[in-house]
1. Can you pull out the residues in region 92-120 that are buried (at least 21 other Cβ atoms within 10 Å of the Cβ) and of a type in the set (A, V, I, L, M)?
2. Tell me the residue from Leu60, Leu3 that is at pLDDT 85 or above, of a type in the set (A, V, I, L, M) and either loosely packed, with under 12 Cβ neighbours inside 10 Å or in a helix (DSSP H, G or I) (or both), please.
3. Does Phe123 satisfy being open to solvent by less than 50 Å² (accessible area, probe 1.4 Å), in contact with a Leu (Cβ under 9 Å, 6 or more places away or on another chain), part of a helix (DSSP H, G or I) and at pLDDT 80 or above?
4. Which one of these is modelled with pLDDT under 85 and part of a helix (DSSP H, G or I): Val53, Val68, Val45?
5. Scan region 38-49 and give yes if some residue there is under 18 Å from Tyr128 (Cα atoms) and touching a residue at least 24 places away in the same chain (Cβ under 8 Å), otherwise no.
6. Within region 63-80, track down each residue that is open to solvent by 60 Å² or more (accessible area, probe 1.4 Å) and under 19 Å from Tyr120 (Cβ atoms).
7. Among the numbered criteria (1) assigned to a loop (DSSP other than H, G, I, E, B); (2) in contact with a Gly (Cβ under 7 Å, 6 or more places away or on another chain); (3) among the hydrophobic types (A, V, I, L, M, F, W, C), which one does Val108 miss?
8. Evaluate region 19-35: report whether one residue or more is under 30 Å from Phe132 (Cβ atoms), in contact with a Phe, Trp or Tyr (Cβ under 9 Å, 6 or more places away or on another chain) and of a type outside the set (Lys, Arg).
Amino acid sequence: MRLGRLRYLDLFYLAGGISIANSILLGYASWQRAFSVDCHVCHYVALLTVSDVMISIAGLIASLILAVLCYLLYFKNRHKYVTLLLSGSFAGFASFLQISQAYFADKVCLQCLAISAGFYLVFGILLYSIVFKPSSGTGPLCRR
């Protein structure tokens, strides 16, 4: 194997690492939003009755769950579609928050955009490694 190519299972470690980095960023964001009022865009959550701190804590928990599931996929390939479904739903909710923030507040918080990008990256890596599986050639969308 060449050094430039990632193995199939290394992608799960990469997705778990990105999810842990995303949870660290979400922990910092929830701490920052709880004790300061710097970002007025984030304090207004449209269409939801919960505060921005609660959304950030829920994202932290979701990101940690996703990291644990990604690391479990390395050892047991049993929960791969559940992990993909959860990752897609978390990325979809992040998209909903970004669209509602851009539509109702007419601004976008860069920290929220970076957090959403973390969820998008994890979903993209899992979609690539679970559905397409280019290294093993056994995915449902691979040519035989």
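The values are calculated or read from the model by the stated rules, or taken from the named source; none is laboratory data. All values reported here derive from a predicted model rather than from experimental measurement. All Cβ positions, glycine included, derive from the backbone under ideal geometry; neighbour counts span all protein chains shown. Note: areas computed on protein heavy atoms with side chains; ligands, DNA, RNA excluded. Shrake-Rupley method; radii C 1.70, N 1.55, O 1.52, S 1.80 Å.
1. Of everything in region 92-120, those that are buried (at least 21 other Cβ atoms within 10 Å of the Cβ) and of a type in the set (A, V, I, L, M) turn out to be Ala94, Leu97, Ile115.
2. From the options Leu60, Leu3, the qualifying one is Leu60.
3. no
4. Residue meeting the stated conditions: Val53.
5. So the first thing to find is which residues in region 38-49 are under 18 Å from Tyr128 (Cα atoms), and the list is none.
Checked region 38-49: no residue is under 18 Å from Tyr128 (Cα atoms) and touching a residue at least 24 places away in the same chain (Cβ under 8 Å).
6. Residues satisfying the conditions are Leu64, Ile65.
7. Unmet condition: (2).
8. Narrowing region 19-35 to residues under 30 Å from Phe132 (Cβ atoms): 19-26.
Remaining after also requiring in contact with a Phe, Trp or Tyr (Cβ under 9 Å, 6 or more places away or on another chain): 19, 22.
Keeping just the survivors that are of a type outside the set (Lys, Arg) gives 19, 22.
Checked against the condition, which is being under 30 Å from Phe132 (Cβ atoms), in contact with a Phe, Trp or Tyr (Cβ under 9 Å, 6 or more places away or on another chain) and of a type outside the set (Lys, Arg), region 19-35 yields at least one hit.
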